[in-house]
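None of the figures in this text is laboratory data; all of them are computed from the coordinates on show. Not measured: the values here are computed from a predicted model. Positions of Cβ are generated from backbone atoms using ideal geometry, with glycine treated the same way; all protein chains shown enter the neighbour counts.
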Amino acid sequence: MSLIKELFFPTPVYYIDLEESGALNQFLKTRIYSWRDRDQHGIVRSNVKQVGAWHSETTMNNRIEFKLFVDKVTEQINAVYKDQLYSDKHEAFCMNMWANINPQHGYNRSHIHPGALWSGAYYVNTPIDCGRIVFLDPRPESQMLVIDKQDKSTTGPEQWAEVFHQAIAGRLVLFPSWLRHEVEPNITSIPSPEGDRVSISFNYGQRLKKQKTNKD
């Protein structure tokens with residue numbers, strides 16, 4: 001009998017490259033920069049404002065001009081919930097959504113998204129060397145001892161302490177809200193605005209579906 005390996009505590013991360021993202025991103029970029037022009041201070045969360053990282057108010061999901069985009073994200077979140085075997089008596093709903101602009105040297109500190117179920121990022125503008133999103137092993141106890149391995153290039157994902165996910169324009173990345181993550185500094189040599197790393201982040205929850213009545 002051979003040794004059997006089981007992986008009991010996986011952390012699912014989903015991604016998809018949206019179709020026709022070029023036109024979508026141009027639409028989003030125009031409106032995000034217009035939003036920043038009207039509110040240059042923005043708010044401070046994980047973004048490092050001292051180096052110019054801008055974070056919008058978290059009301060993007062309630063703004064009519066972004067409804068088409070919210071619907072696209074919700075469609076993919078619903079696919080995640082189905083794959084995770086969540087109750088079909090419930091539905092996904094967007095709790096909040098916001099835009100991020102990271103110019104040269106801009107980055108986001110390590111953080112989680114308390115109070116949400118699933119979170120994600122969508123990439124609108126990603127110049128070369130604009131910074132990757134980094135997911136960190138959520139099991140701190142697993143790092144109590146560093147192990148010497150024969151060949152690091154052959155290790156499986158279950159042995160990684162951190163995962164670097166490339167920022168690609170048009171890509172949507174979805175992950176559990178409790179998964180700690182951060183964004184590397186934007187070290188592109190391209191000046192703003194072409195060199196800005198522009199992304200959209202969001203949080204989703206789960207709620208009971210509304211029951212239809214005879215009046216509906």
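Before moving on, here are some points about what is shown:
- Principal semi-axes of the equivalent ellipsoid, √(5λ) from the alpha carbon gyration tensor of the range 61-216, are 31, 24, 12 Å from largest down.
- Centroid-to-centroid separation of the range 131-192 and the range 33-56 [C-alpha atoms, Å]: 25
- Count, lysine Cα pairs under 25 Å in the chain, 8 or more residues apart or across chains: 22
- If R0 is taken as 22 Å, the Cβ-Cβ distance between residue 11 and residue 88 corresponds to a FRET efficiency of 0.40.
- Here the Kirkwood formula puts the hydrodynamic radius of the range 1-137 at 17.3 Å, using every distinct Cα pair.
- The sum of -39500 (n - 2.57) across all DSSP H runs of n ≥ 4, divided by the residue count of the chain, sets its helix-only mean residue ellipticity at 222 nm to -5500 deg cm²/dmol.
- For the range 1-40, the list of chymotrypsin sites (Phe, Trp or Tyr not before Pro) that fall in a loop by DSSP and count at most 12 other C-beta atoms within 10 angstrom reads 8.
- GNM on the chain, alpha-carbon springs under 10 angstrom: the most fluctuating residue among 159, 40, 104 is 159.
- Near-label residues of the range 107-125 by backbone N, under 15 Å of a point 7 Å along Cα→Cβ of residue 27: 124
- Protection proxy ranking of 92-102, 109-119 - average other beta-carbon atoms within 10 Å, highest first: 92-102, 109-119
- Global geometry of the range 141-216, whether rounded, prolate or oblate, following the gyration tensor of its Cα atoms and the 1.5 cut on a/c: oblate
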